[in-house]
Amino acid sequence: WDNADFSRGVGTTFYQEFSTLNTAKPPFVRDVEAKVRRYLRSSYSAAWTLKITWEKAPVHAARTDTRKTITYQAVLTTDGFRSYILMLYQDRGMQWDYTRLTSTNVLIGYT
């Protein structure tokens, strides 16, 4: 995520925290739980979830082109024992022209 450049006033970053220990769970948290259960085939009940959104983020060195942006999210969640992260990208994936970056070994996700 360090290749986004918000210095030109294009794009927004925001977050929302869900503390759901002993409280009713909003639909978003129930959806996160369902994804963890589905993909990891385990029982899971979130106690805390954090959703971070980078909306219309321009590529680093935005002075060259602020028209191609990407929206993506990281969702961190824990039940107090196990922790997970969901990395969500807009439809059609990366919209930046990665061939114009200084380094072209671009990775969506983490390693």
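Within the bounds of region 38-60, is there any residue that is surrounded by fewer than 16 Cβ atoms within 10 Å (Cβ to Cβ), within 23 Å of residue 91 (Cβ to Cβ) and small (Gly, Ala, Ser)?
No: region 38-60 contains no residue that is surrounded by fewer than 16 Cβ atoms within 10 Å (Cβ to Cβ), within 23 Å of residue 91 (Cβ to Cβ) and small (Gly, Ala, Ser).
When the residues of region 1-34 are narrowed to those that are within 13 Å of residue 78 (Cα to Cα) and touching a strand residue (DSSP E or B) at 6+ places or on another chain (Cβ under 6 Å), which ends up most open to solvent (accessible area, probe 1.4 Å)?
Per the stated criteria, the residue is 17.
Please name all residue pairs, on different chains or six or more residues apart, with Cβ atoms under 8 Å, provided the first residue is in region 41-64 and is modelled with pLDDT of 85 or more and the second residue is basic (Lys, Arg) and assigned to a strand (DSSP E or B).
Taking only residues 6 or more apart or on different chains, not a single pair turns up.
So, in region 9-55, of the ones that are among the aliphatic types (A, V, I, L, M) and in a strand (DSSP E or B), which residue ends up nearest to the chain's Cα centre (by Cα)? I'd like the intermediate steps shown before the answer.
Our first condition is that a residue be among the aliphatic types (A, V, I, L, M); within region 9-55, this holds for 10, 21, 24, 29, 32, 34, 36, 40, 46-47, 50, 52.
Of the ones still in play, those that are also in a strand (DSSP E or B) are 50, 52.
On the way: 50: 10, 52: 6 Å.
Step by step, filter region 9-55, then rank; the result is 52.
Name the pairs: first residue in region 23-36 and over 16 Å from residue 82 (Cβ atoms), second residue assigned to a loop (DSSP other than H, G, I, E, B) and aliphatic (A, V, I, L, M), Cβ to Cβ under 9 Å, at least 6 apart or on different chains?
Filtered contacts from region 23-36: 25/46; 30/46.
All but one of (1) of a type outside the set (S, T, N, Q); (2) at pLDDT 90 or above; (3) touching a strand residue (DSSP E or B) at 6+ places or on another chain (Cβ under 8 Å) hold for residue 89; which doesn't?
So residue 89 meets the others, but not (2).
Please go through region 65-79 and give me each residue that is at pLDDT 85 or above and over 15 Å from residue 17 (Cα atoms), ordered by number. Show your work before the answer.
First, the residues of region 65-79 that are at pLDDT 85 or above: 71-79.
Once the filter is applied, which keeps residues that are at pLDDT 85 or above and over 15 Å from residue 17 (Cα atoms), region 65-79 yields 71, 72.
The values are calculated or read from the model by the stated rules, or taken from the named source; none is laboratory data. Remember, it's a predicted structure, so these values are computed and weren't measured experimentally. When we count neighbours, we look across all protein chains shown, and the Cβ atoms used for this are built from the backbone with ideal geometry, even at glycine. Ligands, DNA and RNA are stripped out before the accessible areas are found, and what is left, the full protein with its side chains, is counted by its heavy atoms. Shrake-Rupley method; radii C 1.70, N 1.55, O 1.52, S 1.80 Å.
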